[in-house]
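Structure first, then comments.
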Amino acid sequence: MTIVTLMTDFGLKDGNVGVMKGVILGMAPHTQIVDLSHLILPQNVREAALILARSAPYFPPETIHIVVVDPGVGTTRRPLAARLGTQRFVGPDNGVITLLLEYAEKQGWPLEFVHLDKPQFWLPEVSNVFHGRDIFSPVAAHLANGKTLQAVGAPITDPVRLALPTPHHTPTGLCGEVIHIDHFGNVASNIRVEHLAEWLSAPEKLSVHLSGAEIHGVVKTFGDRAPGELVALLGSTGNLIVSVVNGSAAERLKTQIAEPFTVTLHD
Amino acid sequence: MTIVTLMTDFGLKDGNVGVMKGVILGMAPHTQIVDLSHLILPQNVREAALILARSAPYFPPETIHIVVVDPGVGTTRRPLAARLGTQRFVGPDNGVITLLLEYAEKQGWPLEFVHLDKPQFWLPEVSNVFHGRDIFSPVAAHLANGKTLQAVGAPITDPVRLALPTPHHTPTGLCGEVIHIDHFGNVASNIRVEHLAEWLSAPEKLSVHLSGAEIHGVVKTFGDRAPGELVALLGSTGNLIVSVVNGSAAERLKTQIAEPFTVTLHD
Amino acid sequence: MTIVTLMTDFGLKDGNVGVMKGVILGMAPHTQIVDLSHLILPQNVREAALILARSAPYFPPETIHIVVVDPGVGTTRRPLAARLGTQRFVGPDNGVITLLLEYAEKQGWPLEFVHLDKPQFWLPEVSNVFHGRDIFSPVAAHLANGKTLQAVGAPITDPVRLALPTPHHTPTGLCGEVIHIDHFGNVASNIRVEHLAEWLSAPEKLSVHLSGAEIHGVVKTFGDRAPGELVALLGSTGNLIVSVVNGSAAERLKTQIAEPFTVTLHD
C-alpha cells in the first residue's frame with residue numbers, strides 16, 4: 001500500500017483537494033493519502049520547500065509527495081517527477097524540491113528527474129488552471145500502481161533550484177534570517193544545529209537577537225522557563241527558534257518572514 | 001473498497017467530523033473516507049450544491065457523498081438518499097443535490113431517490129441536532145456494506161430543488177452573477193463555457209464587467225499576464241472567472257456573492 | 001484494521017500532523033487514521049478533554065486516541081498510555097483523559113494506565129519539543145501492531161486529573177458555566193441532561209440566563225424557532241446549549257468560556 005502525500009496552497013473550503021483524492025483513489029484504490037498542508041501561503045514555493053524537506057524523511061520508502069504550489073500553471077514551466085533516495089516527488093518544476101534535494105545530496109541518495117511529457121498518463125481533458133487534478137494526481141496514481149519514473153516522462157538533469165538564504169559568520173557570531181513562523185507563533189531561523197556545533201556546549205553564553213529583542217541563553221524546551229517568557233531553543237527539525245512559553249513570539253515581537261535573526265557568543 | 005466523501009458546515013475544531021468517521025468506520029471498516037469541505041458557510045446549501053456538482057464527477061463509481069448542511073435538522077425536512085448515475089448521495093433533502101441532478105439529467109444518468117424512513121438503519125439514539133452522526137453516517141455505512149437504496153428508505157420522486165440564478169442574454173452580451181469566491185479570491189460566475197460557445201474563438205473581443213472594473217479579453221491562464229493584473233479566464237470547472245495574477249480579485253474589487261457579472265462582445 | 005485518532009493544538013499549516021501520520025503508517029501500515037481536531041486552542045488541555053470524552057464513545061473497540069496538547073513537553077511530565085474500557089489513549093499525562101475517565105468509571109469499564117518509559121518503542125532520536133512525532137506516534141503504532149500496554153510502559157495508578165467545574169443547585173435552579181463554544185457559535189454549558197432530569201418534562205417552565213440575556217423555555221431543535229432567535233436546547237452530547245437559529249449566539253451575546261450559565265424554574 002503506497003502512501004501519497006498532498007501539499008498545496010488550495011485551502012480547505014473549495015473541495016479541490018478532495019477532487020485530487022477522488023482522481024487518485026479512482027485510479028489507485030489501495031493508496032493511503034496523507035495531507036501535509038493545504039494552507040501554504042498562496043504561491044509561496046519557498047514555504048512549501050521548507051515543509052517538504054523537513055517532513056519527507058519521516059515517511060516510509062516509496063512514498064510519493066505531490067506538491068502543488070504553482071503560480072506558473074498553464075505556462076511553459078515543466079511538470080516534474082523525481083526520485084530522491086527512497087522518496088518520490090510529483091509537481092511543477094519550480095524549485096519546491098530544492099531543500100529536500102540538498103539534503104538528499106548530502107546523504108548521497110540516488111537522484112532521478114523526469115519531465116512529465118506523456119499525456120497518456122494524464123486525465124483526458126487538461127485544464128489550464130488545475131494541473132493538480134489533471135496531471136499530477138493521475139501521474140502519482142500511475143506511479144503508485146507500479147509505473148517507473150522513466151515510463152511517465154523523459155529524463156532531465158536540471159530541475160529548477162531556488163536561491164535560498166544561508167547564514168553567514170560575523171565577528172561575534174552568526175547572522176541568519178527568519179524562514180518560518182508556525183501556528184503557535186514560534187519563529188524559526190535558517191540557523192541550524194550544525195551551524196552552532198560546539199557553541200551548544202555552553203548555551204548560556206549565546207544570545208539571540210530578533211526584532212529588537214535580545215534573548216540570553218538557549219534552553220532545552222519550553223517548560224524550562226515560566227509562561228510568558230521569551231526563549232531561544234532548537235526546534236524539532238534542528239533549526240534555532242524563538243518562542244514565548246505558552247504564547248506567540250511572532251505576535252509579541254511583530255516578527256515577519258525574512259527579518260534578520262542573529263546569534264552572538266560572549267564570555 | 002467504497003469511497004465515502006463528507007461535506008459539512010461543521011468546521012474543523014470541534015471533533016464532529018471525526019465522530020462521523022468513527023461511526024462509519026465502526027460499521028463499514030473497509031471504507032475510504034475523503035473530506036470534500038467542512039468550511040461551507042454555515043447553513044449555505046447553495047455553496048455546498050456547487051461544490052458537490054463540480055466534485056462528484058471526479059470520483060469513481062459507487063462513491064457515496066454525504067452532505068450535511070442542514071438548517072432544518074430535527075424538523076419535518078426529509079432525510080434523503082439518492083442515486084445519480086454511478087454516484088450516490090446521503091443527506092437532508094434540502095436541494096443540495098440540485099446542480100448535480102441537473103448535470104445527471106443532461107447526461108441521461110439513471111436516477112433514484114428514497115426517503116430515509118427506516119430507523120433500524122440509524123444509531124439507536126437519534127439526537128434532534130446531529131443527524132450527520134445519528135442518521136446519515138450509519139445509512140452511508142449500510143450502503144457501503146451493500147444495502148440498496150430501496151432497502152434503507154421508501155421511493156420518492158420529488159426531491160427538493162433550489163431555484164438557482166441562470167445567466168440571460170442582453171443586447172451586447174450575457175448577464176450572470178457571482179456564485180463562488182474561492183480560497184485565492186478568484187471570483188466565479190454562473191456564465192459557463194457552453195454559454196460563451198463560439199465567442200471564445202475571438203476571446204480578445206470579449207470584456208468582463210465586475211464590481212466596477214472592466215477586463216478586456218479572456219486569457220488562457222494566470223501566467224499569461226503579469227503578477228498583480230486583473231484577468232478573466234475559464235476556471236477548472238468551465239465557469240468564467242475573474243482573478244488577480246498571484247493575488248485576490250475578491251479583495252481587490254470588494255466583490256460579494258450574487259453581484260452582477262456581465263460579458264460584452266465588441267468589434 | 002485498527003483506527004488511530006489524532007487530536008492536537010498544532011494547527012493545519014505546518015505539516016506536523018502529516019509527519020505524525022508518516023511515522024504511524026511507516027510502522028503500522030494497516031492503520032486507519034482519523035483527525036479529531038488540530039485546532040484545539042494552544043495549550044488548552046481542558047478543551048481537548050471535552051472533545052475526547054464526547055467523541056471516543058462513537059469509535060469502534062480498540063481504537064487508539066492520540067491527544068497531544070502538551071505545554072509540558074520535554075519536562076518531567078510523564079508520557080502515558082491508557083485503556084478505558086474498549087478505547088485506548090496515548091499522550092502526555094496532563095489530565096486530558098479526565099472526562100473520559102469519569103465517564104468510564106460511571107460505566108464500570110476496566111481501566112489500565114502505564115508510564116511510557118521504554119525508549120525502545122520510540123523513534124531513535126527524541127527531540128525536546130515534539131513528542132507527538134517521536135514518542136506518541138511510534139507507541140501508538142506498536143499498540144496497533146498488537147503490543148499490550150504493559151509491554152510499552154510500567155503500570156501506574158495515579159494519572160493526572162483536571163479539577164473541572166461542576167454545576168451547583170441554587171434556590172431557584174442550577175448554576176453552571178460555559179465550557180465550549182463551537183464553530184457555529186453555539187454556547188455549551190456543563191449543565192447536562194441528567195442534571196435537568198424531571199424538569200425537562202415541563203421545558204416551557206425553564207429559563208436560561210447567559211451573558212445578560214434571558215431565554216424562556218427549552219426547545220427541541222433549532223428549526224422550532226425563526227432564524228435569528230435565541231434558543232436554549234440540548235446539544236448532541238446531552239449538554240444544555242444556547243444558540244441563535246442560523247446564527248452565532250457567542251457573537252450575539254459576546255459570550256466567553258467560563259462565564260456563568262444558569263437555569264431557573266418558574267411556574
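Has the range C:172-193 got at least one residue that is among the polar types (S, T, N, Q) and under 30 Å from C:Ile24 (Cα atoms)? Checked against the condition, which is being among the polar types (S, T, N, Q) and under 30 Å from C:Ile24 (Cα atoms), the range C:172-193 yields no hits at all.
Is it true that some residue in the range B:188-197 is more than 24 Å from the chain's Cα centre (by Cα) and modelled with pLDDT under 95?
Filtering the range B:188-197 for residues more than 24 Å from the chain's Cα centre (by Cα) gives none.
No: zero hits.
Before we move on, is A:Thr172 open to solvent by 50 Å² or more (accessible area, probe 1.4 Å) and hydroxyl-bearing (Ser, Thr, Tyr)? Here the answer is yes, as A:Thr172 does meet what is asked. For the criterion of being of a type in the set (D, E, K, R), under 18 Å from A:Leu6 (Cβ atoms) and at pLDDT 95 or above, A:Asp35 passes.
Looking at the range B:139-146, can you tell me whether even one residue there is without any contact (Cβ under 8 Å) to a residue 60 or more places away in the chain, in contact with a strand residue (DSSP E or B) (Cβ under 8 Å, 6 or more places away or on another chain) and surrounded by 11 or more Cβ atoms within 10 Å (Cβ to Cβ)? Write out each step before concluding.
Just the residues of the range B:139-146 that are without any contact (Cβ under 8 Å) to a residue 60 or more places away in the chain, to begin with: B:146.
In the following step, the residues that additionally are in contact with a strand residue (DSSP E or B) (Cβ under 8 Å, 6 or more places away or on another chain) were identified as none.
The answer is no; no qualifying residue exists.
Among the residues making up the range C:200-220, those that are surrounded by fewer than 19 Cβ atoms within 10 Å (Cβ to Cβ) and either within 24 Å of B:Asp70 (Cβ to Cβ) or under 27 Å from the mean Cα position of the chain (by Cα) (or both) are C:Leu200, C:Pro203, C:His209, C:Ser211, C:Gly217, C:Lys220. Only a single criterion out of (1) open to solvent by less than 70 Å² (accessible area, probe 1.4 Å); (2) under 30 Å from C:Phe113 (Cβ atoms); (3) in contact with a helix residue (DSSP H, G or I) (Cβ under 7 Å, 6 or more places away or on another chain) is not satisfied by C:Arg161, namely (1).
Among the residues of the range A:55-76, those identified as at pLDDT 95 or above and out of contact with any helix residue (DSSP H, G or I) (no Cβ under 8 Å at 6 or more places or on another chain) are A:Pro61, A:Glu62.
The set of residues in the range A:206-238 that are under 23 Å from C:Pro124 (Cβ atoms) and in contact with a Lys or Arg (Cβ under 6 Å, 6 or more places away or on another chain) comprises A:Thr237, A:Gly238. The C-beta contact set for the range A:158-183 (first residue under 21 Å from A:Leu111 (Cβ atoms), second residue among the hydrophobic types (A, V, I, L, M, F, W, C), distance under 6 angstrom, 6+ apart or interchain) comprises A:Pro159/A:Phe113.
Please indicate, with yes or no, whether at least one residue in the range A:118-129 is buried (at least 21 other Cβ atoms within 10 Å of the Cβ) and either in contact with a Pro (Cβ under 7 Å, 6 or more places away or on another chain) or part of a helix (DSSP H, G or I) (or both). Give the steps one after another, and end with the answer.
At the first step, the residues of the range A:118-129 found to be buried (at least 21 other Cβ atoms within 10 Å of the Cβ) are A:129.
Okay, now just the ones that are also either in contact with a Pro (Cβ under 7 Å, 6 or more places away or on another chain) or part of a helix (DSSP H, G or I) (or both), so none.
The answer is no, given that none of the residues of the range A:118-129 is buried (at least 21 other Cβ atoms within 10 Å of the Cβ) and either in contact with a Pro (Cβ under 7 Å, 6 or more places away or on another chain) or part of a helix (DSSP H, G or I) (or both).
Under the condition of being closer than 23 Å to B:Asn44 by Cα and more than 14 Å from chain B (Cβ to nearest Cβ), the residues counted in the range C:216-252 number 1.
Residues of the range B:127-150 that are among the hydrophobic types (A, V, I, L, M, F, W, C) and more than 9 Å from chain C (Cβ to nearest Cβ): B:Ile135, B:Phe136, B:Val139, B:Ala140, B:Ala141, B:Leu143, B:Ala144, B:Leu149. The residues of the range A:2-16 that are on the phi < 0 side of the Ramachandran plot and facing another protein chain (nearest Cβ under 7 Å), listed by number, are A:Ile3, A:Thr5, A:Phe10, A:Leu12, A:Lys13, A:Asp14.
Scanning the range B:4-16 for residues that are open to solvent by 10 Å² or more (accessible area, probe 1.4 Å) and of a type outside the set (D, E, K, R), we see that the one that is farthest from B:Tyr58 (Cα to Cα) is B:Asn16. Meeting the requirement of 2 or more residues that are within 11 Å of chain C (Cβ to nearest Cβ) and buried (at least 24 other Cβ atoms within 10 Å of the Cβ), no strands (runs of 3 or more DSSP E) wholly within the range B:17-105 can be named. Of the residues making up the range B:225-261, just one is part of a strand (DSSP E or B), open to solvent by 30 Å² or more (accessible area, probe 1.4 Å) and in contact with a His (Cβ under 9 Å, 6 or more places away or on another chain), namely B:Pro260. Of all positions in the range C:4-13, at least one carries a residue that is in contact with a strand residue (DSSP E or B) (Cβ under 9 Å, 6 or more places away or on another chain), of a type outside the set (A, V, I, L, M) and free of Cβ contacts under 8 Å to residues at least 12 places away in the same chain. Among the candidates B:Gly228, B:Gly212, B:Gly223, the residue that is out of contact with any Ser or Thr (no Cβ under 9 Å at 6 or more places or on another chain) and within 22 Å of A:Thr75 (Cα to Cα) is uniquely B:Gly228.
The values are calculated or read from the model by the stated rules, or taken from the named source; none is laboratory data. These figures come from a predicted structure and were not determined experimentally. All Cβ positions, even for glycine, are placed from backbone atoms using ideal geometry, and neighbour counts span all protein chains on display. These area figures cover heavy atoms from the full protein model, side chains too; ligands, DNA and RNA do not enter into them. Shrake-Rupley method; radii C 1.70, N 1.55, O 1.52, S 1.80 Å.
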